[in-house]
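*Asks:* Below is a structure I'd like to ask you about.
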Amino acid sequence: MARVALRHTANAEGAWFVDTRCIDCGTCREVAPGTFGVAGGQSVVVRQPAAGDDGAERDAWLAAQACPTSSIGTVDHRPRPGRLYPREVEAGSGVFDVGYCAESSFGASAWFVVRPDGNLLIDSPRFTDALAGPFAEMGGIAHVLLTHRDDVADAGRWAERFGARVWIHTDDRRAAPFATDLLEGGAGEPTTVAPGVVAHPAPGHTKGSVVFVVDDRFCFSGDSLAWSHERGDLTAFRGACWYSWPEQTRSLRALAATSSFEWLLPGHGARAHLPAAELHDRLDRLVARMAAAA
Ligand code: SF4
C-alpha cells in the first residue's frame, strides 16, 4: 500500500499520490501518461484524474496495481475497484497484460498469451495468488519465455507452480539456471519454439536478448525495442544498452527483415498498436537512425 507519510512533495494537489519509494521504472507513465510524470528522478502525479473521468481513474488504478513498489495510492485510501489484471490488450486477442510488475526486474511488464498448444508467460510478474488463480482458470502456463536476463523475476516460481518449460537464450542462461530449453543463434536466425511462436535472437541490450513474435501479430520485445510517447515513434534505449549498440542495430535490422507484427509489447517503454506496414516502416527508420548515430 502506498504510504501517505512518504508522499512525494511534487505530486499535484489532490487525492492521488506517489510515495518516495518509487524506483523510477516508468511503468505508471506508460500505463497512465496523462496522470503520471517525472520530478527529480521519480514519478509523481502531474495531473489528478478529473472528477467523473472514469477512464483516467481506471488507468491510475491500473498503474497502481502494476507498480513494483506499491507506491501509488490515494490519501483517503479508496478501495481498488475489483480485479484489474490480467487485462486483455484487445477483446478476443488472448493476449493479456498481467500487471504486478516485480521490483527485481525493475518494473518490467510481463505478458500472458492463451494458446491452443499451451499458454505462454512472457517474462515474469511478481508471484502472487492474484494472478495464479486467473492463470489456472485460463489453462495454466506451458512455456515461460524470457526475453533476457534482467526480466527473469519470479519465473522459476511460475514454472514450478504450473510445470512449465522455461526458455532463455544460452548467452543469458546464468540468470535462469532452472531453464529447461536454451535458445541458440544470433540475429537473423529465428527459432520456432511452439506453433506460431518464433524466437528472434536480438543481441544488443544484453548478449542473450530475444524478441518473441506470435502469429505474425504480437511482438514481445523485452528491452530491445519500444514505443516512446514523447517521440511518438519507435525507440531503443541506448543509455540502457548493456552489451553492444552496433549489435542491437543489426538485430533490429534482422527483425525488420524476418518478421511482421502490429502489436509491440515491450518490457520497458510504451506499447503500440499500429498497422503492420507502418510499424515495419518505422522500424526501418529507427534502424537507420541507430546506424547513423553509431
Ligand atoms: S510504477 Fe511505481 S516504481 Fe515505477 S515509476 Fe511509477 S511509481 Fe515509480
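Quick note: the coordinates plus some simple rules give every number you see, no bench work behind them. Small disclaimer: the values here were computed from a predicted structure and weren't measured. Virtual Cβ from ideal backbone geometry, glycine too; neighbours counted across all protein chains shown.
*Asks:* Tell me the label-point distance for the pair T9, E278, using the 7 Å Cα-to-Cβ offset, in nm and rounded to one decimal.
*Replies:* Placing both labels 7 Å beyond Cα along the Cβ direction yields 4.3 nm.
*Asks:* Here's a follow-up. How big is region 4-74 along each principal axis, measuring the range of its Cα positions in Å and listing the largest first?
*Replies:* 29, 21, 17
*Asks:* Out of region 1-39, which trypsin sites (Lys or Arg not before Pro) are coil in DSSP terms and have no more than 16 other C-beta atoms within 10 Å?
*Replies:* Here the trypsin sites (Lys or Arg not before Pro) that fit, given the DSSP loop and packing criteria, are R3, R21.
*Asks:* In addition: What order do you get for F178, F261 when you list them from fewest to most C-beta neighbours inside 10 Å? Display every interim value, and only then the final one.
*Replies:* On the way: F178 13, F261 24.
Ordered by Cβ neighbours within 10 Å, fewest first: F178, F261.
*Asks:* Under Stokes-Einstein, with the Kirkwood radius over Cα pairs standing in for Rh, what whole-number D in µm²/s applies to region 208-255 at 37 °C and 0.692 mPa s?
*Replies:* 283 µm²/s
*Asks:* How large is the translational diffusion coefficient of the chain in µm² per second when you combine the Kirkwood radius over alpha carbon pairs with Stokes-Einstein at 4 °C and 1.567 mPa s?
*Replies:* Values: Rh = 19.3 Å.
The calculation lands on 67 µm²/s.
*Asks:* Sticking with this one: Taking other Cβ within 10 Å of each residue's Cβ, how do C22, C28 sort, fewest first? Write down the numbers at each step before the final one.
*Replies:* Details: C22 24, C28 28.
With the fewest neighbours first, C22, C28 line up as C22, C28.
*Asks:* I've got another one for you. Provide E90, E57 in ascending order of the number of other Cβ atoms located within 10 Å of each residue's Cβ, fewest first.
*Replies:* By the 10 Å Cβ count, ascending: E90, E57.
*Asks:* Okay, moving on. For a quick check, take a GNM of the chain with Cα springs below 10 Å and name the residue from A110, A51, A136 with the largest mean-square fluctuation.
*Replies:* Ranking A110, A51, A136 by mean-square fluctuation puts A51 first.
*Asks:* Same structure, new question: Gap in Å between the Cα centre of region 190-246 and the Cα centre of region 37-59?
*Replies:* 29 Å
*Asks:* Highest mean first, how do 115-125, 37-47 rank when packing is the count of other Cβ atoms within 10 Å averaged over residues?
*Replies:* Numbers: 115-125: 22.0, 37-47: 17.1.
Top to bottom by mean Cβ count within 10 Å: 115-125, 37-47.
*Asks:* Could I ask something else about it? Which order do peptides 59-72, 196-209, 160-173 fall in by mean Cβ count within 10 Å, highest first? Mind dumping the intermediate values first?
*Replies:* Values: 59-72: 22.5, 196-209: 24.3, 160-173: 19.6.
By packing density, highest mean first, the sequence is 196-209, 59-72, 160-173.
*Asks:* Say each of A50 and V75 gets a label point 7 Å from the Cα, pointing the same way as Cα to Cβ; how far apart are those two points in nm?
*Replies:* Simple spin-label model gives 2.2 nm for this pair.
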